[in-house]
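K.L.:
Let me begin by handing over the structure; questions about it come next.
The values are calculated or read from the model by the stated rules, or taken from the named source; none is laboratory data. Model, not experiment: these values are computed from the prediction. Note that each Cβ is placed from the backbone with ideal geometry, even for glycine, and that neighbours are counted across all protein chains shown. SASA here: full protein model, heavy atoms, side chains in, ligands and nucleic acids out. Shrake-Rupley method; radii C 1.70, N 1.55, O 1.52, S 1.80 Å.
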Amino acid sequence: MLTLLHDINFNIEAGTSVAILGASGSGKTTLLGLLAGLDTPTDGAVYLDDHNLNDFDEDGRASLRAELVGFVFQNFQLLFGLTALENVMLPLELAQAPHPRKTAEELLSRVGLQERLHHYPNQLSGGEQQRCAIARAFSTRPRCLFADEPTGNLDSETGKRIIELLFELNSEHGTTLIMATHDIELSKLCRQRIRLKAGSMLDNEMD
């Protein structure tokens, strides 16, 4: 049996920022998926907001994610048949939140896309797509936001702005921000740094 992660144990405080560091293949994305309830461990337990994810089936974990979690993917994961506005409205509508259009418009304006509401993803630049994805991730006011290499497909200047935006929204909303990254400089902006190598945790530093 192939072991992807082993001997990993840590706590994350609500409202903090965390970098999961490591080279490609170290287990960052696997760990992120476990923490978000996208995957389940063969051994051990993951607690999300005091909920043991092992106690839930797939539908239960999906419901919990809808209530507590936002996710920003490296490849954006926008729905190409929907406009920027519709992409951000969708999770709000699924959650039956009040005034989904107004909330989506405000968030897209917050990330600088007020002039691009009715553009489809293929009409947006990479940076604009990532800003739209961030607006969507924050739309339901998640307790915890996971970001998997959020600047991996962006040029350095755009990536810098995306990171600033993530930390601004993290601070404003009190959201716990957990990022998988190989960027040492980015990790220094976080209050906690968990370093992985070949599926094991090398260290867990906190400022």
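K.L.:
Please pick out the residue among E13, E93 that is open to solvent by 20 Å² or more (accessible area, probe 1.4 Å) and in contact (Cβ under 8 Å) with a residue 60 or more places away in the chain. Spell out the reasoning first.
P.N.:
Working: E93 fails: in contact (Cβ under 8 Å) with a residue 60 or more places away in the chain.
Matching residue, one of E13, E93: E13.
K.L.:
Any residue in segment 191-207 that's in contact (Cβ under 8 Å) with a residue 12 or more places away in the chain: show its pairings with residues that are of a type in the set (F, W, Y) at Cβ separation under 9 Å, as long as the two are six or more apart or on different chains.
P.N.:
Q192/F10; I194/F10; M201/F10; N204/F10
K.L.:
Say whether the condition of being farther than 30 Å from H6 by Cα, open to solvent by 60 Å² or more (accessible area, probe 1.4 Å) and in a helix (DSSP H, G or I) is met by at least one residue in segment 74-87.
P.N.:
yes
K.L.:
Any residue at all in segment 44-59 that is crowded, with 16+ Cβ neighbours inside 10 Å and closer than 22 Å to T3 by Cβ? Full working, then the answer.
P.N.:
Residues of segment 44-59 crowded, with 16+ Cβ neighbours inside 10 Å: 46, 48, 51, 53, 56.
Okay, now just the ones that are also closer than 22 Å to T3 by Cβ, so 46, 53.
Yes, the conditions are met somewhere in segment 44-59.
K.L.:
Kindly list the number of the only condition in (1) under 11 Å from I20 (Cα atoms); (2) surrounded by fewer than 15 Cβ atoms within 10 Å (Cβ to Cβ); (3) not charged (D, E, K, R) that fails for C190.
P.N.:
(2)
K.L.:
I'd like the residue in segment 53-91 that is farther than 20 Å from A180 by Cα and charged (D, E, K, R) and, out of all such residues, is modelled with the highest pLDDT.
P.N.:
E86
K.L.:
What pairs come up if the first residue lies in segment 39-67 and is assigned to a loop (DSSP other than H, G, I, E, B), the second is charged (D, E, K, R) and open to solvent by 70 Å² or more (accessible area, probe 1.4 Å), and their beta carbons are under 7 Å apart, counting only those six or more places apart or on different chains?
P.N.:
Filtered contacts from segment 39-67: D49/R143.
K.L.:
Yes or no: segment 85-99 includes at least one residue that is out of contact with any strand residue (DSSP E or B) (no Cβ under 7 Å at 6 or more places or on another chain), closer than 26 Å to K197 by Cα and not basic (K, R).
P.N.:
Within segment 85-99, the first condition is being out of contact with any strand residue (DSSP E or B) (no Cβ under 7 Å at 6 or more places or on another chain), and the residues that meet it are 85-99.
If we keep only those that are closer than 26 Å to K197 by Cα as well, we get none.
Checking segment 85-99: not a single residue is out of contact with any strand residue (DSSP E or B) (no Cβ under 7 Å at 6 or more places or on another chain), closer than 26 Å to K197 by Cα and not basic (K, R).
K.L.:
Within segment 140-183, work out how many residues are open to solvent by less than 10 Å² (accessible area, probe 1.4 Å) and among the small types (G, A, S).
P.N.:
Summing the residues that are open to solvent by less than 10 Å² (accessible area, probe 1.4 Å) and among the small types (G, A, S) in segment 140-183 gives 3.
K.L.:
Shifting gears a bit: What residue, of F138, F167, is within 20 Å of L78 (Cα to Cα) and either at pLDDT 85 or above or of a type in the set (S, T, Y) (or both)?
P.N.:
Going through F138, F167 in turn, just one is within 20 Å of L78 (Cα to Cα) and either at pLDDT 85 or above or of a type in the set (S, T, Y) (or both): F138.
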